[in-house]
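For reference, the structure is listed below as structure tokens.
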Amino acid sequence: MTIKKIVIVGGGTAGWIAANHLGKKFSNSKQVSVTLIESPEIPPIGVGEGTVPEIRKTLAHFGISETDFIRECDVTFKQSIKFVNWSRKQKGEQAKYFHHLFDRPSKFGDDLTPFWLVQSTTTPYAQMVSPQHDACEAFKAPKAITTPEYESSLGYAYHLNAGKFANMLSRNAIEKFNVVHLETTVEQVKLASDGSITTLETKEYGNLNFDFYIDCSGFESLLFGQALKVPFIEKSDQLMVNSALVVQVPTKETEEIPPYTIATAHQAGWIWDIALTNRRGVGFVYSNNHISDEVAKEKLDCYLKGNPNKLSYRKIPLKVGFREKFWHKNCVSLGLAQGFLEPLEATSILLTDFAAGFLADRFPESVEQMPSLEERFNHVMDYAWHRVVDFIKLHYCISDREDSQFWIDNKKPTSIPRTLKKRLALWQKFTPEKEDFFSKFEVFDYDNYLYVLYGMNFKTQLNKNEIENSDKLKEHAAYITNVSETLNQQLPDHRELLNKIKQYGLQRV
């Protein structure tokens with residue numbers, strides 16, 4: 001049987017990213033239709049406001065103007081995640097921090113990691129290997145107003161208003177790719193005798209039948225979890241945060257905008273701080289097995305300097321883990337219906353975009369093709385999810401903090417994934433190499449690990465005799481310093497560029 005009718009259940013960022021990927025895939029087909037069903041009764045979660053650099057390729061692929069995107073979605077540039085207090089600090093010592101930059105380390109020459117390890121230097125790892133460190137600390141933009149859309153001098157992603165972003169994706173999918181949008185509530189899911197989905201009973205449109213179903217219904221997982229009963233694999237024994245308090249903090253138009261996410265570690269979790277053009281999105285992610293909700297509120301109050309505006313917090317329970325499989329019969333789960341770990345490193349939008357693009361790239365033409373594609377999709381997504389768990393856990397288990405039970409528990413060997421243990425054992429004697437990441441489905445790769453490992457002063461035992469061409473590496477480090485100084489003179493301030501984009505726009509590609 002030919003697959004002609006595709007439905008996505010659920011809107012929000014996940015649903016509309018999927019709608020754009022599939023809508024573009026079938027935009028020239030008269031046989032295949034894509035429908036998105038969105039319930040007006042279910043509000044979106046709406047806290048995912050950070051992205052990673054791959055989103056630029058996706059937006060360009062969808063044909064979305066970067067200028068329009070920045071103007072309409074309260075966008076700011078994100079060049080890094082600045083991790084504060086993830087390492088132990090002495091009494092009276094200023095906050096420690098490191099940057100997980102979006103520019104590739106040592107991109108102008110040989111890898112400087114071994115050189116940095118054997119130097120008696122107080123220079124942060126990211127500062128030695130990339131000029132982006134100093135650009136971030138100086139609140140610089142990653143490009144100039146004359147730089148064409150999606151191009152740049154430094155690597156970047158975005159901070160965005162999730163609600164406005166979903167609305168923009170919606171318009172794009174409907175207007176460019178003829179995606180059909182139905183506002184109605186799915187009240188029941190009917191299955192065939194073989195366990196596949198046959199019908200959606202809806203409140204306004206009655207029974208609707210499709211050939212292929214995509215579940216983007218969030219934590220509710222209406223199709224995949226409730227109807228198909230695909231098991232959920234808990235990862236709370238490895239990633240211990242399970243709750244979040246979130247709030248939006250108004251800002252003034254004259255305030256500087258950090259070109260990075262701030263992630264500040266605390267007693268039993270961490271606080272994200274994301275600056276948009278007119279507000280900050282702030283959230284305290286924590287383990288309620290280690291502190292109470294009341295203490296968490298006190299911690300967030302303290303971070304907001306007493307919360308003088310008496311802002312109200314919204315609590316979000318975090319279901320940490322992912323589905324046992326991600327494609328079952330004639331249904332695929334995406335977004336929160338597929339799984340969720342935690343907001344660290346902006347993994348939610350990243351995995352949704354990756355999975356939706358992967359699905360669209362080789363979508364089944366017929367029912368007969370589905371079993372082999374299902375096996376392929378499940379294998380890849382299972383690998384990707386487990387490697388994301390490894391990378392997130394890395395931040396916790398290599399920290400030298402021991403000031404609370406939360407940090408102590410995170411270092412227990414039983415809480416560390418086996419693959420991560422093996423890699424850390426290897427990297428105690430050898431610096432990471434690209435060959436250590438053998439799969440192209442590593443969502444976080446060699447560069448990402450370098451910034452986190454050595455930003456947190458991971459101990460790799462090298463000696464100076466192992467360093468070849470040390471004079472050449474020293475020259476390379478000096479060159480990066482010179483490039484950094486030049487860029488800081490040339491690049492505009494972050495808010496200055498955003499204001500110019502709103503007034504003049506960027507060059508269209």
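The values are calculated or read from the model by the stated rules, or taken from the named source; none is laboratory data. None of the values given here were measured: they were computed from a predicted structure. Cβ coordinates were reconstructed from backbone atoms using ideal geometry, including for glycine residues, and neighbour counts include every protein chain displayed.
Numbers for the structure displayed
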{"quantity": "Exclusive hit being outside any loop (DSSP other than H, G, I, E, B), touching a Pro at 6+ places or on another chain (Cβ under 8 Å) and small (Gly, Ala, Ser), set Gly283, Gly357", "calculated": "Gly283"}
{"quantity": "Close pairs from segment 378-389: first touching a residue at least 40 places away in the same chain (Cβ under 8 Å), partner buried (at least 17 other Cβ atoms within 10 Å of the Cβ) and of a type in the set (Asp, Glu), Cβ under 6 Å, at least 6 apart", "calculated": "Arg387/Glu442"}
{"quantity": "Strands (runs of 3 or more DSSP E) fully within segment 144-216 counting 3 or more residues that are within 31 Å of the chain's Cα centre (by Cα) and either modelled with pLDDT of 95 or more or farther than 21 Å from Leu359 by Cα (or both)", "calculated": "157-159, 180-183, 212-215"}
{"quantity": "Subset of segment 324-354 [part of a strand (DSSP E or B) and over 12 Å from Phe377 (Cβ atoms)]", "calculated": "Gly339, Phe340"}
{"quantity": "Conditions (1) assigned to a loop (DSSP other than H, G, I, E, B); (2) buried (at least 21 other Cβ atoms within 10 Å of the Cβ); (3) free of Cβ contacts under 8 Å to residues at least 40 places away in the same chain; number of the one not met by Met240", "calculated": "(3)"}
{"quantity": "Qualifying residues in segment 1-37 (those that are closer than 19 Å to Ser366 by Cβ, at pLDDT 95 or above and basic (Lys, Arg)) - the one nearest to the chain's Cα centre (by Cα)", "calculated": "Lys25"}
{"quantity": "Sole residue being in contact (Cβ under 8 Å) with a residue 40 or more places away in the chain, among the aromatic types (Phe, Trp, Tyr) and more than 30 Å from Ala135 (Cβ to Cβ), chosen from Tyr260, Tyr313", "calculated": "Tyr313"}
{"quantity": "Residue in segment 469-509 that is modelled with the lowest pLDDT, counting only those that are within 30 Å of Gln119 (Cβ to Cβ) and aliphatic (A, V, I, L, M)", "calculated": "Leu473"}
{"quantity": "Meets criteria (in contact with a helix residue (DSSP H, G or I) (Cβ under 9 Å, 6 or more places away or on another chain) and of a type in the set (Lys, Arg)) for Arg280", "calculated": "no"}
{"quantity": "Neighbours by Cβ (under 6 Å, 6+ apart or cross-chain): first from segment 76-92, under 17 Å from Tyr454 (Cβ atoms) and aliphatic (A, V, I, L, M); second in a loop (DSSP other than H, G, I, E, B) and modelled with pLDDT under 95", "calculated": "Val84/Ala95"}
